[in-house]
Structure formats: C-alpha cells, structure tokens
1. Ranked by accessible surface with a 1.4 Å probe, highest first, in what order do Asp82, Asp44 come?
2. Which percent of the accessible area of the chain is formed by carbon and sulfur heavy atoms (probe 1.4 angstrom)?
3. What residue among Leu115, Leu40, Leu103 has the largest mean-square fluctuation in a Gaussian network model of the chain, using Cα springs under 10 Å?
4. With a 1.4 Å probe and every protein chain left in place, work out the accessible area per residue of the chain in Å², rounded to a whole number.
5. Using Cα-only point scatterers and the Debye equation, what is log10 of I(q)/I(0) for the range 1-57 at each q in 0.23, 0.27 Å⁻¹, rounded to two decimals?
6. In the Gaussian network model of the chain, springs joining C-alpha atoms below 10 Å, which of Gly32, Gly20, Gly106 carries the largest mean-square fluctuation?
7. Report, in debye and to the nearest 20, how large the dipole of the chain comes out about its Cα centre when Lys and Arg carry +1 and Asp and Glu carry -1 on their Cβ.
8. Using Cα springs under 10 Å in a Gaussian network model of the chain, which residue among Ser28, Ser86, Ser66 shows the largest mean-square fluctuation?
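The values are calculated or read from the model by the stated rules, or taken from the named source; none is laboratory data. Please read all numbers here as calculations on a predicted model, not as lab measurements. With ideal geometry, Cβ positions are generated from the backbone for all residues, glycine too; neighbour counts draw on all protein chains shown. Side chains are part of the model used for accessible areas, which takes the heavy atoms of the whole protein and leaves out ligands, DNA and RNA. Shrake-Rupley method; radii C 1.70, N 1.55, O 1.52, S 1.80 Å.
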Amino acid sequence: LHTSIAAGLLANLIYWWVGGETSLYLVSVLAGFAYMTGSLILLDLAARLVPIPVAATVFATIMALSNLGSSLAEATGGYVYDMMKSGYGPVSAYRVVVVLSMLVIGACWAWVPRLRRELPGWWQSMT
C-alpha cells in the first residue's frame, strides 16, 4: 500500500520537469508506468480482501470510482490552473497544480493507520 501511494506521488512529481513537447512525451510514459504500478497494487489488495462471489461487483465499483476520481481531478486541476494562470503565469500555475496533486495523493497515507486497525490479518499476511 505504501508503494502504491509512493508510485502515485512519483507519477505526479515527474511532471515537474516538463519543459517542452519532447520532455512531455517522456514524462507521460514514466508517469503512466508509475500510475499503472500503483493501480495494480491497489487491485491486488482488493483481490486479496474481497470474497470471490462479489469480486466482479467490487472490481466494477473500484474502476467506476477510479474513473470518477480521475475525471474530477482533471476538471479541478484545470479549474485551478485557469484561476492561477492569470495572476501567476502559466508556469507557476502549472507547478501549483502539480504540488496540489501531490498533496492530495500524499494525504492517502492518513488512511493507512485505519486500514491497519480494520484489516489486521491482511497486514500480518503481507509480512
């Protein structure tokens, strides 16, 4: 779980170094790899915790929430960028969005203690 959150942070952190079209392609490939790694870790967690009779429903729900979260994050990031661009310029506005996205992802670590309390058997089986 820690690796999944760290992969999400890495996926957003590398966008800091976008400087042009060529670097954007490279960063997008690296960020996509980090994002997919984190997603696969979370799907593995779900597969280990969910009983088989409801696995398909839980998977569909996870994917729906993931798509909704991605769409909301993209819309919110675009809105923040547009608001900040007029006052701070496009580069600074872009960096603010990158930092905010990393803060939101990093906040996921606040849930780890609760997961440890709620699912103690899972943590012990992973060590």
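1. The most accessible residue leads, giving Asp82, Asp44.
2. Answer for the chain: carbon and sulfur cover 72 percent of the accessible area.
3. The residue with the greatest mean-square fluctuation here is Leu115.
4. I get 69 Å² per residue for the chain.
5. The Cα Debye sum returns log10 ratios of -0.81, -0.96.
6. For the chain, modelled as a Gaussian network with Cα springs under 10 Å, the answer is Gly20.
7. Once rounded to the nearest 20, the dipole reads 340 debye.
8. Ser86
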